Amino acid sequence: MALFKKQKRRRACVIGLDGVPHSLINKLAEDGIMPGMAGLLKSGHLHRMKASLPEISAVSWTDFMTGADSGSHGIFGFTDLKSGSYEMRFPNFSNVRQETIWDVLGKRGRRSIIINQPSTYPARPLDGILIAGFVALDLAKAVYPASQKAVLDRLGYRIDIDTMKSREDHAFLWQELQTTLDGREKALDQYWKEDWDYFEFVITGTDRLQHFLWNACEDPNHPFHDRFLDYYRRVDGIIGRIVDSFRRLTGGDAGLCLLSDHGFCQIEQEVYLNAWLQEKGYLGFTGESPGELREIGPGSRAFALDPNRIYLNLVDRFPKGAVALTDKPALKAKIAHELEGLKYAGRPVIRQVFDAEKIYSGPLVPLGPDLVVLAEPGFDLKGSVKKKNVFGRTDLEGMHTWDDAFFWADRTVGDDLRIHQLFALILSHFA
């Protein structure tokens, strides 16, 4: 008779659904579209969670995987400025200044497999396997170790859909979504059999579908409504397979997590912050039709970058700087106050303007924006320098939201949950 019962190996599994709001996952579960998710809602706890500021994937997923904010990990958006200039650059995984969950686990002798984690391109070494998600340009540089490229090629794996063509052709979008999800599922089957302690699997097609066809979600008469629901049925089936397999491995739900990186809602109007700054006299350009930020005119005091970041044109920071450091607090307060008064058809457009020095912490805060603007749902903030009017519309249907992301765990983990807190929660499972 054995005196001691052998404990099961401690593992964690994270399932990411990019852009899926707490409200939608609840509704689809309640309506029977996602029966697997409905089962999880009964056995565990679904938390409403706040995403990063700004509420975009490049920042939010980096907050998640590092447990830090932009002031420490250094990613403030999909784009950023080259130091001391108005030239744009595209930050990537090599610019992330903090360790990730799997970096920490690797130091503890734990092996990780990461499939389709956004903002991890180019892939960097880890104890395990990493397949980077968007924005990844070349599959050969998106995988570690490099030998896995041949495996993914054999599986027909795709990093992402063709977003430009899918935006124009919704019939093509459905083909892309299915093909990409086919590859994800094959990769899941391939790598689940590997040796691992931490497994992460992210689906990004949900975000793509909602940007281009959010109206199909809410309108039962929409020609793509049923296909929208069918896509979520398939996602639910994949979740169910992972959950069942994880339970067989571990004997329960401890260490199992599901999350999204931000919420989503329908766009009513796009809001062009640089047009607003021009209208208010804070910004000017050297030509009538500027194409790039470097055409900023002398005397400009502020400008915006996508999606909702405002920078003061500081004397010691930018070549055409016109704002003294001593004037910075007053100017930030003035712009914030005026923005919070912006209305469209009598409705408030801006929910809150955050002082970056109060929402970020760490040595890299001076490299980021001065203000981060949070819109009311329905008003999608943009940083284009080409727009002449403050309000407008494109063919995009859905936009990100800040405080309607979700996190599911087998237990309650508290109120006012923020995505960067998941780093410590996941690591605590291995303590």
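State which residue is nearest to the chain's Cα centre (by Cα) when the search covers only the stretch 307-350 and only residues that are farther than 23 Å from Ser83 by Cβ and among the β-branched types (Val, Ile, Thr). Going through the qualifying residues, I end up with Ile350. Within the stretch 57-88, the set of residues being farther than 20 Å from Pro363 by Cα and assigned to a strand (DSSP E or B) comprises just one member, Met88.
Per-residue answers, yes or no, for (1) buried (at least 17 other Cβ atoms within 10 Å of the Cβ); (2) without any contact (Cβ under 8 Å) to a residue 24 or more places away in the chain; (3) among the hydroxyl-bearing types (Ser, Thr, Tyr); (4) closer than 25 Å to Asp380 by Cβ:
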| residue | (1), (2), (3), (4) |
| --- | --- |
| Met164 | no, yes, no, yes |
| Phe172 | no, yes, no, yes |
| Thr179 | no, yes, yes, no |
| Thr206 | yes, no, yes, yes |
| Gly252 | no, no, no, no |
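When the stretch 256-296 is filtered for residues that are small (Gly, Ala, Ser), under 19 Å from Leu381 (Cβ atoms) and either outside any helix (DSSP H, G or I) or in the same structural domain as Asp18 (by TED's automatic domain parsing) (or both), only Gly263 remains.
Restricting to the stretch 321-339, what's the tally of residues that are in contact (Cβ under 8 Å) with a residue 40 or more places away in the chain and more than 18 Å from Ile350 (Cα to Cα)? Matching residues across the stretch 321-339 total 1.
So Phe246 fits all but one of (1) touching a strand residue (DSSP E or B) at 6+ places or on another chain (Cβ under 6 Å); (2) part of a loop (DSSP other than H, G, I, E, B); what number is the exception? With respect to (1) touching a strand residue (DSSP E or B) at 6+ places or on another chain (Cβ under 6 Å); (2) part of a loop (DSSP other than H, G, I, E, B), Phe246 is out only on (2).
Listed by first and then second residue, the pairs with beta-carbon distance under 8 Å, at least 6 apart or on different chains, first residue in the stretch 36-62 and in the same structural domain as Ala254 (by TED's automatic domain parsing), second in a strand (DSSP E or B) and among the basic types (Lys, Arg), are Met49/Arg418; Lys50/Arg418; Pro54/Arg309. The single residue among Ser112, Ser94 that is in contact (Cβ under 8 Å) with a residue 12 or more places away in the chain, loosely packed, with under 14 Cβ neighbours inside 10 Å and of a type in the set (S, T, N, Q) turns out to be Ser94. Residues that are touching a strand residue (DSSP E or B) at 6+ places or on another chain (Cβ under 6 Å), in a strand (DSSP E or B) and under 23 Å from Ile426 (Cβ atoms): does the stretch 178-189 have at least one? Within the stretch 178-189, not a single residue is touching a strand residue (DSSP E or B) at 6+ places or on another chain (Cβ under 6 Å), in a strand (DSSP E or B) and under 23 Å from Ile426 (Cβ atoms).
Kindly indicate which of Asp63, Asp103 is under 12 Å from the mean Cα position of the chain (by Cα) and not hydroxyl-bearing (Ser, Thr, Tyr). Break it down stepwise before answering.
Numbers: Asp103 fails: under 12 Å from the mean Cα position of the chain (by Cα).
None of the others qualify; the one that does is Asp63.
Quickly run through the stretch 297-320 and pick out the residues that are of a type in the set (A, V, I, L, M, F, W, C), assigned to a loop (DSSP other than H, G, I, E, B) and out of contact with any Phe, Trp or Tyr (no Cβ under 9 Å at 6 or more places or on another chain). Across the stretch 297-320, the qualifying residue is only Val315. Output yes when any residue across the stretch 261-268 is under 15 Å from Leu17 (Cβ atoms) and surrounded by fewer than 18 Cβ atoms within 10 Å (Cβ to Cβ), and no when none is. Checked against the condition, which is being under 15 Å from Leu17 (Cβ atoms) and surrounded by fewer than 18 Cβ atoms within 10 Å (Cβ to Cβ), the stretch 261-268 yields no hits at all. The set of residues in the stretch 106-126 being under 20 Å from Gly183 (Cβ atoms) and part of a loop (DSSP other than H, G, I, E, B) consists of Pro118, Ser119, Thr120, Tyr121, Pro122, Ala123.
In the stretch 412-431 there is no residue matching the filter, namely being of a type in the set (D, E, K, R), modelled with pLDDT of 95 or more and in contact with a Gly (Cβ under 9 Å, 6 or more places away or on another chain). Of the residues making up the stretch 142-164, those that are farther than 24 Å from Thr206 by Cα and not in a loop (DSSP other than H, G, I, E, B) are Tyr144, Gln148, Lys149, Ala150, Val151, Arg154.
The values are calculated or read from the model by the stated rules, or taken from the named source; none is laboratory data. Fair warning: this is a prediction, and the values are worked out from it, not measured in the lab. In this analysis, Cβ positions are derived from the backbone assuming ideal geometry, glycine residues included, and neighbour counts consider all displayed protein chains.
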